[in-house]
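Encoded as structure tokens, the structure appears first; notes follow it.
The values are calculated or read from the model by the stated rules, or taken from the named source; none is laboratory data. These numbers were taken from a predicted model, which means no experiment stands behind them. Cβ sites come from the backbone with ideal geometry, for glycine too, and all protein chains shown count toward neighbours.
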Amino acid sequence: MLDLDLAVLDAHPEWRQVLLAYNDDDDSVILTDPETSNFVARGFRPRIREVDGVATDQMARVHGKLIAHGLLQVEITGRTGGMLYQLTSVGRRACLRLADAVDEESLEFASA
């Protein structure tokens, strides 16, 4: 991941919030459709529709930007499954780097 990617996320905090929401472990996803269940078993999850700090009317645009920047991938699963999302490897690395940046800021604040 390039520092440029983190700079883009810093410039768009709503992108960062949605990306981090997909990074949260969510074991509550239970889908009975076999095709959809296969994707869920591989780490995909239904679209997150609400994230604190992000207007609901901006969620579609944010999803599109994260997909365009290679941070999030989408799969369409059959007629009833809908769209499922998963962090890409770049997206997972971005989440790790964002977590490291928060930890560093916390240490700097504590030592000041």
Point to revise | Residue in segment 14-53 that is modelled with the lowest pLDDT, counting only those that are among the aromatic types (Phe, Trp, Tyr) and not in a loop (DSSP other than H, G, I, E, B) | key: Phe39
Check your understanding: Looking at segment 52-91, which of its residues are surrounded by fewer than 18 Cβ atoms within 10 Å (Cβ to Cβ), within 15 Å of Leu9 (Cα to Cα) and touching a residue at least 60 places away in the same chain (Cβ under 8 Å)?
Key -> Val90
Revision key, fill the gap. Picked from segment 1-13 (must be part of a loop (DSSP other than H, G, I, E, B) and either under 15 Å from Leu84 (Cβ atoms) or touching a Lys or Arg at 6+ places or on another chain (Cβ under 8 Å) (or both)), the residue modelled with the highest pLDDT is His12
